[in-house]
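The block underneath contains the structure these notes are about, expressed in structure tokens.
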Amino acid sequence: MQECDIGLIGLAVMGQNLALNMARNGYRVAVYNRTAAITEEFLARHSDAPIVGAHALSDFVARLSKPRKVLLMVKAGAPVDAVIDQLIPLLEAGDLIIDGGNSHFTDTEQREARLAAHGIRFLGLGVSGGEEGALWGPSLMPGGAPEAYAMVEPLLTAIAAKAPSDGAPCVTYLGRGGAGHYVKMVHNGIEYGDMQLIAESYDILKRVVGLSNAALAEVFTAWNQGELDSFLIQITAQIFRKADDQGQSGELLDYILDSAGQKGTGKWTSQNALDLGVPTHTLTAAVEARIISALKAERLAASRALGAPAPYTLSTERQAFIEAVRRALYCSKIAAYAQGMALLSAASREYGYAIPLDKTAAIWRAGCIIRARFLSDITQAYHDDPSLPNLMLAPKFRAALSAYQAEWRDVIATAIRAGVPTPSFSASLAYYDSYRSERLPANLIQAQRDLFGAHTFQRLDREGTFHADWSS
């Protein structure tokens, strides 16, 4: 029996496609799924691929060459721990387990420590790109011990997406412990923000300008040729063109319930940002936008009870306003990515990850959901200045924010007057204005806290901590 280079556990679509990706790139793969029928069906459909199956974990492990390498593609949380518990007695010191799911980075670090007691190595691997990315090339975000990454570096390099500009593989070592899953978490937080900003652009153009889905498709197609060139803009244009598939007239989009779900990674990003004291205005607003969208029944009742502004008529020339929305979206995206990169920087310091920001942006250029042209500009910005405190200060982005900020403000003001909610647009601008403000009203908050709770305050004109008698 020929030994396999790697084993994969979990044959949902992502697992199947990663197995096919590895096989296509010359690796012999052993696969196992808890439900044997799924394994048999998968093998029958791909009988020509160098993939073998097993119905028992002991047989699965026996098929692997030493040191054994096992990739887990199972649901995050307790299922990962359950599979690890089953594998520990079957593996030996020096073997490697890779978790390719959306695990929380703290769970990854706990698992690494637990497996280290058995001499088994562990790698947390963020995988982005969806089903298609898994099959043809995802963005891969590995974190753990350097020697663990070295065991699978050639394989991950082979199956990763390749950046269109220079052909570089979209994978790099990101740091110790849970660094890989941390970067994937922040990637997903940025993804939440990016998607919400695009949705708000759509809402403004539909409700304020009155664009049809066909016109929206044309606008987003044009936007995808310039600064906003990205996977999410591309698929949004595609969505606007899709006819209803249940026999109704018009486009499918108009029949989809306006309530968005979430799997928790965006929330994790906001929670951790609060723990680290890093402002993530746009990303957190996007999480909250999904939460309020789920209150459909309450919103329906409120729409009949709460007053709306008077009907708004756009006073700006139509094409000029559409261009203003494009510019506002670009500025807001810069702010969103700035928040995500600032969070990665803070986590690197707090957790000792030493995440390379330029390489992180580089591996997001292809394969992943947030892939976009301007990630090359972000890569260059951190390559030019590794200590850049905030992405908005990079010369190219600083120039764009300066050139476009009037339209950015006008679009948000117009949406407010028309009663169109723009939580992430508004939060992005608030982040920009807060960051660029030499003086914020936190002096009053210091005074309030000292008056009601004797929490003390600091002064501008002298060092030290002070308390005032506010009643005198």
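General observations
- Qualifying residue in the range 33-40 (condition: crowded, with 17+ Cβ neighbours inside 10 Å, touching a residue at least 24 places away in the same chain (Cβ under 8 Å) and outside any helix (DSSP H, G or I)): yes
- Out of ASP95, ASP85, one residue alone is within 21 Å of GLY124 (Cα to Cα) and open to solvent by less than 20 Å² (accessible area, probe 1.4 Å). It is ASP95.
- Those residues of the range 26-64 which are at pLDDT below 95 and of a type in the set (Asp, Glu), in sequence order: ASP48
- Considering LEU155, LEU197, LEU216, LEU205, the condition of being hydrophobic (A, V, I, L, M, F, W, C) and either open to solvent by 10 Å² or more (accessible area, probe 1.4 Å) or touching a strand residue (DSSP E or B) at 6+ places or on another chain (Cβ under 6 Å) (or both) is satisfied by LEU155 alone.
- The numbered conditions (1) outside any helix (DSSP H, G or I); (2) open to solvent by 30 Å² or more (accessible area, probe 1.4 Å); (3) farther than 26 Å from ASP410 by Cα are all true for ILE355 except (2).
- Checklist (1) surrounded by 15 or more Cβ atoms within 10 Å (Cβ to Cβ); (2) without any contact (Cβ under 8 Å) to a residue 24 or more places away in the chain; (3) over 15 Å from the mean Cα position of the chain (by Cα); (4) closer than 30 Å to MET392 by Cα applied to LEU274, failing item: (1)
- So GLN246, is it touching a residue at least 60 places away in the same chain (Cβ under 8 Å), of a type in the set (S, T, N, Q) and assigned to a loop (DSSP other than H, G, I, E, B): no
- The set of residues in the range 1-32 being in a helix (DSSP H, G or I) and surrounded by fewer than 17 Cβ atoms within 10 Å (Cβ to Cβ) consists of VAL13, ARG24.
- Among the candidates GLY143, GLY126, GLY226, residue that is open to solvent by less than 40 Å² (accessible area, probe 1.4 Å) and either at pLDDT below 95 or part of a loop (DSSP other than H, G, I, E, B) (or both): GLY226
- Condition check for ALA418: surrounded by 15 or more Cβ atoms within 10 Å (Cβ to Cβ) and either within 23 Å of the chain's Cα centre (by Cα) or not polar (S, T, N, Q) (or both): yes
- Test: residue in the range 431-453 that is part of a helix (DSSP H, G or I), over 24 Å from ALA286 (Cβ atoms), among the acidic types (Asp, Glu) and modelled with pLDDT of 95 or more: yes
- Note on the range 306-352: residues that are outside any loop (DSSP other than H, G, I, E, B) and either surrounded by 13 or more Cβ atoms within 10 Å (Cβ to Cβ) or touching a residue at least 60 places away in the same chain (Cβ under 8 Å) (or both) total 31.
- Members of the range 448-470 that are of a type in the set (Asp, Glu), under 22 Å from GLU438 (Cα atoms) and open to solvent by less than 100 Å² (accessible area, probe 1.4 Å): ASP461
The values are calculated or read from the model by the stated rules, or taken from the named source; none is laboratory data. Quantities reported herein were computed from a predicted structural model and do not represent experimental measurements. A quick note on method: Cβ atoms are made from the backbone with ideal geometry, for glycine too, and the neighbour counts reach across all protein chains shown. Calculation scope for accessible area: heavy atoms of the full protein, side chains included, ligands and nucleic acids excluded. Shrake-Rupley method; radii C 1.70, N 1.55, O 1.52, S 1.80 Å.
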